Structures are given as structure tokens and as C-alpha cells.
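Accompanying notes for the structure given below.
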Amino acid sequence: MKPLESIEELIQLLEKKPLCSLGCIISLDVDGNRIVLDGNEGKVHQNTTNADCSVSTTLADISDILEGKLDPTAAFMMGKITVEGDLAVAMKLQTFLT
């Protein structure tokens with residue numbers, strides 16, 4: 001997989017994944033752009049909603065995670081990913097992305 005070049009490209013990639021497997025709502029903040037992964041409805045959107053967890057990172061770092069170049073747990077420990085809310089829910093995102 002080539003590195004992601006835009007938020008739109010990331011959204012298209014996320015829309016192809018089985019969102020219902022998350023079973024929760026995760027707000028993903030990528031370079032200041034909010035993407036909501038709604039595992040309850042199986043949709044990706046950018047609407048404001050109450051998320052079970054909020055995760056912030058950069059497009060470069062999430063691209064590296066999706067490519068397998070960066071381990072999500074290591075990224076968290078290095079401060080490349082920040083989490084607000086339920087850490088157990090954030091762990092579901094790790095499984096979903098890798």
C-alpha cells in the first residue's frame with residue numbers, strides 16, 4: 001500500500017473496512033480533521049457525535065500504521081497517538097486498522 005496523501009483517501013479506505021466489527025463510536029482526529037467511525041451504524045462520517053473514545057494522530061502516522069510500518073501501541077507510547085476516553089475502546093481501533 002502506498003502512503004496516504006489526503007484525508008479523503010483515508011476516509012475511502014476506512015469505508016471499505018467492516019465498521020460494524022467495532023461495536024462502538026470512535027472519533028479519529030487526523031491533522032485536525034475529525035472522522036467518526038460509527039461502528040453502531042456501520043458508517044464513516046464527519047458529524048459531531050458523542051464518541052466512546054477520541055484518538056488523535058497525523059496522516060503520516062496513521063498511514064504508517066495502515067502500512068504496517070508503525071505499531072499502534074508503540075505509536076501511543078511515543079506520543080504519536082493520543083487517546084481521550086476509554087482506552088479499551090481505543091484498542092478496538094488498533095485491531096480494526098491492522
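FYI, it's all coordinate maths here, none of it is from the lab. Owing to the predicted nature of the structure, the values given are computational and were not obtained by experimental measurement. Virtual Cβ from ideal backbone geometry, glycine too; neighbours counted across all protein chains shown.
Globularity index of the chain is 0.96 (Cα radius of gyration / 2.2 N^0.38 Å, N = number of residues).
Per-residue ellipticity at 222 nm, computed for the chain from helices alone with -39500 (n - 2.57) per DSSP H run of at least four residues, works out to -10000 deg cm²/dmol.
Beta carbons within 10 angstrom, averaged per residue: use that to sort the peptides 72-79, 36-43, 59-66, highest first.
Top of the packing list down: 59-66, 36-43, 72-79.
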